[in-house]
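Chemist: Take a look at the following structure, please.
The values are calculated or read from the model by the stated rules, or taken from the named source; none is laboratory data. Small disclaimer: the values here were computed from a predicted structure and weren't measured. Glycine also receives a Cβ, built like all others from the backbone with ideal geometry; neighbour counts cover every protein chain displayed.
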């Protein structure tokens, strides 16, 4: 797309007050417009908390949490909006990313390690080895029960979200 036309289109959209997280032209993401996100960052044990600048893009919001806190979450709009993703132990877990997945027994990798580090920090006796075994499953089930969640031992969006702010 011609840069001058693109610039005029972008300015025109923003001046009309049509604000969104992004728009697509011809199948590719051309620009990220201004957005409002609710951002919360927490210390490891969940006792220190802060709300970030709401005029950050989703990527900036994740980076703010990673730079300042151990964990947190990003929601669209205001508090109570759709949770876009979380940060656990400096690991970004973006729910809209193609690399996002729930973790359970048999899972390995950075998401598992982030879950384990978070569990350990809030008092659950788990090894932080990146391997989701019976010990991690037991801790997750206990956490889910304590928080009133379905106790299935699977870390999906809701459990990730609760881990991101729990003490």
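Chemist: Given the conditions (1) more than 11 Å from the chain's Cα centre (by Cα); (2) at pLDDT below 95; (3) on the phi > 0 side of the Ramachandran plot, report the number of the one that residue 90 does not fulfil.
Modeler: Of everything listed in (1) more than 11 Å from the chain's Cα centre (by Cα); (2) at pLDDT below 95; (3) on the phi > 0 side of the Ramachandran plot, residue 90 misses just condition (1).
Chemist: Which one of the conditions (1) surrounded by 13 or more Cβ atoms within 10 Å (Cβ to Cβ); (2) over 13 Å from the mean Cα position of the chain (by Cα); (3) under 24 Å from residue 39 (Cα atoms); (4) in contact (Cβ under 8 Å) with a residue 12 or more places away in the chain does residue 95 fail to meet, given that it meets all the rest?
Modeler: The number of the failed condition is (2).
Chemist: Using the structure shown, decide if residue 41 is touching a strand residue (DSSP E or B) at 6+ places or on another chain (Cβ under 7 Å), at pLDDT below 90 and in a strand (DSSP E or B).
Modeler: Answer is yes for this residue.
Chemist: Mind checking which residues of the range 131-165 are within 24 Å of residue 49 (Cβ to Cβ), buried (at least 18 other Cβ atoms within 10 Å of the Cβ) and touching a helix residue (DSSP H, G or I) at 6+ places or on another chain (Cβ under 9 Å)?
Modeler: 139, 140, 143, 144, 155, 159, 160, 162, 163, 164
Chemist: Within the range 81-92, how many residues turn out to be without any contact (Cβ under 8 Å) to a residue 24 or more places away in the chain and surrounded by 17 or more Cβ atoms within 10 Å (Cβ to Cβ)?
Modeler: Result for the range 81-92: 1.
Chemist: From 155, 112, 128, grab the single residue that is within 19 Å of the chain's Cα centre (by Cα) and more than 13 Å from residue 86 (Cβ to Cβ).
Modeler: Sole residue among the options that is within 19 Å of the chain's Cα centre (by Cα) and more than 13 Å from residue 86 (Cβ to Cβ): 112.
Chemist: Which one is surrounded by the most Cβ atoms within 10 Å (Cβ to Cβ) among residues in the range 105-130 that are within 21 Å of residue 73 (Cα to Cα) and free of Cβ contacts under 8 Å to residues at least 12 places away in the same chain?
Modeler: Checking each candidate, the answer is 120.
Chemist: Any residue at all in the range 69-78 that's part of a loop (DSSP other than H, G, I, E, B) and at pLDDT 90 or above?
Modeler: Yes - at least one qualifying residue is present in the range 69-78.
Chemist: When you scan the range 92-106, how many residues do you find that are over 19 Å from residue 57 (Cβ atoms) and part of a strand (DSSP E or B)?
Modeler: Number of matching residues: 1.
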